[in-house]
Amino acid sequence: MNALLPVPPGPAIEPPLALLAELTHRCPLQCPYCANPLEMERAANELDTAAWLRVLDEAAALGVLQVHFSGGEPTARKDLLELVRRAAAGGLYSNLITSGVTLDPAALAALAEAGLDHVQLSFQDADATQADRIGGYRRGHTRKLEVARQIRDAGLPLTANFVVHRQNLERLPEMLALGEEIGASRIEIAHVQYYGWALVNRAALMPSRAQLERANEAVAEARERLRGRITIDYVVPDYYAARPKACMGGWARRIINITPAGLALPCHAAETLPGFQWPSVRAASLGAIWQDDPGFNRYRGTSWMPEPCRSCDQREVDWGGCRCQALAMTGDAGATDPACALSPHHFMMADAVADADTVAEGPAPALVYRRIRTAALVR
Amino acid sequence: MTEGMTGEGAAVPAFNRGFRLRHDPVRQAWVVLAPERLFLLDEPAVEVLKLVDGARTVPDIVDSLAVKFDAPRETIAADVAAMLQDLVVKGAIRL
Ligand code: SF4
Ligand code: SF4
């Protein structure tokens, strides 16, 4: 008996389920795998409070059920409480995706009171020294441990998020133990996705196959041990999989992403795709954008697909994979994701894996850190 | 595991923090909202979950449903136990 059904695929334009609200690109940390674009938005260009409140109302009316407040660091916005309150008023399930270092008991109590449903706290490692090196923030890890306790004390459920890569994957068992120790009800192990900052750093971050196998075993063991107590979300990284992931649950099917400056995107990396004029929520309603915007419709469904996707029985499972990855690797955003073994470009993934295996024992290349001023340099 | 995992006894099921049952007027469906996920519910699950309030015991829930659906108590009890067990494993409720 299965009381919880996965959401079934439905007809054409269903309303989005989730709103990813990137409130700001400001962040005290500098992770070299940050998913933010290389050109980050400055505070002066950010949407104002009134615009975000309207977006939240429109989202609720459109059928959005969950809102993820993210960034950058969403707590850098002074109006965060007001936004959380409005989300709650519209029945939206609200999730705060935070690095935690700016939070304290008073702020957390206020957020809980405003109706926040859940907090996702990111960790860079289980080892404090390594974590602070990756995050580029002194004593950040210690601070996060305190904040994790404060989140629980405020009565908020907690997800511990670990982004894993070559330089910390060995400590996955310690990360799982840490998540358990701080009372997380969910642990998310996310492999770095290689676009934006992470693609710049791919050689320094990509794990070897041997590392990955040990990691998979550690997750399987922990899942068994923590069954019914802690949910562990873990996905094998694209480079080592035979099939791609359903990016964002399919292009413009589940999620609408709003950037700090108010552009609406079907995926948080869609700004890397050339030839699109992304619509602004300053000029159009969320509903109109979702239904009619040509960019949203560009890769929606299956009719845009080339072979081998077009005639593949997986086409409504993975929706052809990730457009941004297809572009980054093949030069064509409309190609089958090279993560798929059926893609004629799959060898590029295999080559990157082979490289990762050869360099795995040597010293890791230097990391390029996410800072507003380095952005000009990597271009 | 606790005695309540068998589904009966005096266990009082309750939603775990971060899990919320809600009616979605746009899709005209009941959903459970959870961190980074969302579940559509089949009809029996909706009937059970509407009664999960952190106060009713499992036998209370079975009694209500047996009356409401005019069905044998044992059948309902078995269904409810299996469903609650599934929801416990998925982290949505505790017993
Ligand atoms: S060919 Fe396309 S649809 Fe088929 S599995 Fe590969 S990416 Fe998915
Ligand atoms: S298209 Fe790719 S980069 Fe964009 S969200 Fe999807 S998986 Fe991510």
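The values are calculated or read from the model by the stated rules, or taken from the named source; none is laboratory data. Computed from a predicted model, the values in this text were never measured in an experiment. Positions of Cβ are backbone-derived with ideal geometry, glycine not excepted, and every protein chain shown enters the neighbour counts. These area figures cover heavy atoms from the full protein model, side chains too; ligands, DNA and RNA do not enter into them. Shrake-Rupley method; radii C 1.70, N 1.55, O 1.52, S 1.80 Å.
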From the options A:136, A:155, residue that is at pLDDT 90 or above and open to solvent by 20 Å² or more (accessible area, probe 1.4 Å): A:155
Residue in region A:233-244 that is modelled with pLDDT of 95 or more and touching a helix residue (DSSP H, G or I) at 6+ places or on another chain (Cβ under 6 Å) present: no
Residue within region B:66-74 that is closer than 30 Å to residue A:63 by Cβ and more than 12 Å from the chain's Cα centre (by Cα) present: yes
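For region A:133-161, name all the residues that are within 14 Å of chain B (Cβ to nearest Cβ) and out of contact with any Lys or Arg (no Cβ under 8 Å at 6 or more places or on another chain).
A:151, A:152, A:153, A:154, A:161
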Options A:311, A:285; residue that is without any contact (Cβ under 8 Å) to a residue 24 or more places away in the chain, surrounded by fewer than 22 Cβ atoms within 10 Å (Cβ to Cβ) and not β-branched (Val, Ile, Thr): A:311
Residue satisfying all of: in region A:92-132; among the small types (Gly, Ala, Ser) and open to solvent by less than 20 Å² (accessible area, probe 1.4 Å); farthest from the other protein chains (Cβ to nearest Cβ) among these: A:131
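One line per residue, one yes/no per condition, for (1) more than 8 Å from every other protein chain (Cβ to nearest Cβ); (2) more than 29 Å from residue A:92 (Cβ to Cβ):
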residue: B:17; (1), (2): no, no
residue: B:27; (1), (2): no, no
residue: B:36; (1), (2): no, no
residue: B:40; (1), (2): no, no
residue: B:46; (1), (2): yes, no
residue: B:75; (1), (2): yes, yes
residue: B:87; (1), (2): no, no
Residues located in region A:212-257, provided they are more than 14 Å from chain B (Cβ to nearest Cβ), more than 16 Å from ligand 2 (Cβ to nearest atom) and either in a loop (DSSP other than H, G, I, E, B) or under 30 Å from residue B:94 (Cβ atoms) (or both): A:215, A:216, A:217, A:218, A:219, A:220, A:221, A:222, A:242
Of the criteria (1) open to solvent by 40 Å² or more (accessible area, probe 1.4 Å); (2) small (Gly, Ala, Ser); (3) within 16 Å of ligand 2 (Cβ to nearest atom), which one residue A:333 fails: (1)
Filter result (open to solvent by less than 10 Å² (accessible area, probe 1.4 Å) and more than 20 Å from the chain's Cα centre (by Cα)) within region A:57-83: A:63, A:83
Among (1) away from every other protein chain (no Cβ under 13 Å); (2) of a type in the set (Ser, Thr, Tyr); (3) more than 12 Å from the chain's Cα centre (by Cα), the one test that residue B:57 misses: (3)
Output for region A:289-308, where each listed residue is within 16 Å of ligand 2 (Cβ to nearest atom) and open to solvent by less than 10 Å² (accessible area, probe 1.4 Å): A:295, A:296, A:305
Flag if residue A:55 is in a loop (DSSP other than H, G, I, E, B) and either within 27 Å of residue A:297 (Cα to Cα) or at pLDDT 90 or above (or both): no
Meets criteria (away from ligand 2 (no atom under 15 Å from the Cβ), open to solvent by 40 Å² or more (accessible area, probe 1.4 Å), out of contact with any Cys (no Cβ under 9 Å at 6 or more places or on another chain) and at pLDDT below 90) for residue A:209: yes
Residues of region B:60-73 satisfying the condition of being touching a Pro at 6+ places or on another chain (Cβ under 8 Å) and away from every other protein chain (no Cβ under 14 Å): B:66
Residue among A:362, A:301 that alone is at pLDDT below 95, on the phi > 0 side of the Ramachandran plot, of a type outside the set (A, V, I, L, M, F, W, C) and over 20 Å from the mean Cα position of the chain (by Cα): A:301
Residue that is most open to solvent (accessible area, probe 1.4 Å), among those in region A:314-328 that are closer than 19 Å to residue A:239 by Cα and more than 11 Å from ligand 2 (Cβ to nearest atom): A:317
Every residue from region A:170-196 that is within 27 Å of residue A:329 (Cα to Cα), at pLDDT 90 or above and open to solvent by 10 Å² or more (accessible area, probe 1.4 Å): A:188
